[in-house]
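What follows is a single structure, written as structure tokens, with notes after it.
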Amino acid sequence: MTAARPACRIEELRRFSRRPALTPAPPGAVSLAMGEPDCPTPAPVIEAAVAALRAGDTHYADQKGLPELRTRLASLLPAHPGRTWSADDVVVTHGATGALAAVVLAMVGPGDRVVIPEPAYSLYADLVVLAGGTVDFVPLGRDLHWDLDALAAALPGASMMIFSNPSNPTGIVHGEPELKALGELLNGSGTLVVSDEAYHRLVYPGHEWTSALAVESLRDRAVYVQTFSKTYAMTGWRVGYLTGPREVVDAAAQVHRTLNGSVNTAVQRAALAALDLPDSVVDAMADTYGGVASW
């Protein structure tokens, strides 16, 4: 019998991946390799999930996500003068990881080149390799912001650019002027911009954060990826979402339902409860993290 061999994509992934197999830190240690909040998930979120389970809300959900959750998320998106956001513009995913995988596998094919400013969250490059694309890493400037000259040289012909804002792992906030500059570089191109904005609520005084969806020159090409993990200390709940150009959303939705199916219903009920939390709950967590960072 011939020994089974993994597909060539897996061999490439093993060869090029910079992602270690991470496990939770042992007692008494703090892992700097995982974006794991040490605050507990707020009680109302847990209670909403328990209530949903007790009510028998344990069956398959709409594969794009509960309509009421998608409607609520659409209502929170930045205003778009040429578009009215609706539930159909949002896909609820298995965390931001599910959203990123869905959009990369939907929009990147063999030979497509994807620009990634580095250092970057290591998942991005792995997904591109898995999709058969090639990664073009572009080093940051000395101030850890984008090197716009280097991007200007790398972006022509690229099918996609992926970044996080605020940045994982540098913590840099790419503000509105920097995002506008990126939009100018992409003017006239068909390059998609995937903006992973998982840390958007962890921005501190002196830094102004702007979503890519709020920048005129980017919003029609921006794929917005978000998660409940960091804002609400819900990493283990695995609930995220994405939006962007409708044809991209529809393609990503098809990939996500093929790979993952629907996100479990009780978790989506919990996500709705998280959206009802007062800002003070999130602000308290952010203040805790800010105090630790100032040591």
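The values are calculated or read from the model by the stated rules, or taken from the named source; none is laboratory data. Because the structure is a prediction, the values reported are computed rather than measured. Every residue, glycine among them, receives a Cβ derived from its backbone with ideal geometry; neighbour counts consider all protein chains shown. These area figures cover heavy atoms from the full protein model, side chains too; ligands, DNA and RNA do not enter into them. Shrake-Rupley method; radii C 1.70, N 1.55, O 1.52, S 1.80 Å.
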> So how many residues does the stretch 63-100 have that are crowded, with 17+ Cβ neighbours inside 10 Å and over 12 Å from Gly240 (Cα atoms)?
Replying inline: 6
>> It is to be established whether one or more residues within the stretch 249-266 are free of Cβ contacts under 8 Å to residues at least 60 places away in the same chain and either open to solvent by less than 50 Å² (accessible area, probe 1.4 Å) or not in a helix (DSSP H, G or I) (or both).
In response: no
> Would you call Leu272 aliphatic (A, V, I, L, M), open to solvent by less than 40 Å² (accessible area, probe 1.4 Å) and modelled with pLDDT of 95 or more?
Replying inline: yes
>> Just to check your reading of the model, which residue among Glu184, Glu216 is acidic (Asp, Glu) and under 20 Å from Thr84 (Cα atoms)?
In response: Glu216
> Among the residues of the stretch 281-292, is there at least one that is assigned to a strand (DSSP E or B), among the β-branched types (Val, Ile, Thr) and open to solvent by less than 10 Å² (accessible area, probe 1.4 Å)?
Replying inline: no
> What number of residues within the stretch 117-174 satisfy the criterion of being open to solvent by 20 Å² or more (accessible area, probe 1.4 Å), free of Cβ contacts under 8 Å to residues at least 60 places away in the same chain, of a type in the set (Ser, Thr, Tyr) and part of a loop (DSSP other than H, G, I, E, B)?
Replying inline: 2
> How many residues does the stretch 230-241 hold that are assigned to a loop (DSSP other than H, G, I, E, B), of a type outside the set (Phe, Trp, Tyr) and crowded, with 23+ Cβ neighbours inside 10 Å?
Replying inline: 3
>> Need a quick list: helices (runs of 4 or more DSSP H) entirely within the stretch 1-116 having at least 2 residues that are over 19 Å from the mean Cα position of the chain (by Cα) and modelled with pLDDT of 95 or more.
In response: 43-54, 67-75
> What are the residues in the stretch 202-216 that are of a type outside the set (Asp, Glu) and either crowded, with 20+ Cβ neighbours inside 10 Å or modelled with pLDDT of 90 or more (or both), if any?
Replying inline: Leu202, Trp209, Thr210, Ser211, Ala212, Leu213, Ala214, Val215
>> Quick check on Val104: is it of a type in the set (Val, Ile, Thr) and touching a residue at least 40 places away in the same chain (Cβ under 8 Å)?
In response: yes
> Of the residues Arg19, Arg9, which is in contact with a Ser or Thr (Cβ under 6 Å, 6 or more places away or on another chain) and touching a residue at least 60 places away in the same chain (Cβ under 8 Å)?
Replying inline: Arg19
>> Take the residues in the stretch 187-212 that are touching a strand residue (DSSP E or B) at 6+ places or on another chain (Cβ under 7 Å) and either of a type in the set (Asp, Glu) or not in a loop (DSSP other than H, G, I, E, B) (or both); name whichever of them is farthest from Asp287 (Cα to Cα).
In response: Leu192
> Would the stretch 180-199 turn up any residue that is touching a His at 6+ places or on another chain (Cβ under 7 Å), of a type outside the set (Ser, Thr, Tyr) and either buried (at least 16 other Cβ atoms within 10 Å of the Cβ) or at negative phi (or both)?
Replying inline: no
> How many residues, within the stretch 267-280, are in a helix (DSSP H, G or I) and without any contact (Cβ under 8 Å) to a residue 24 or more places away in the chain?
Replying inline: 2
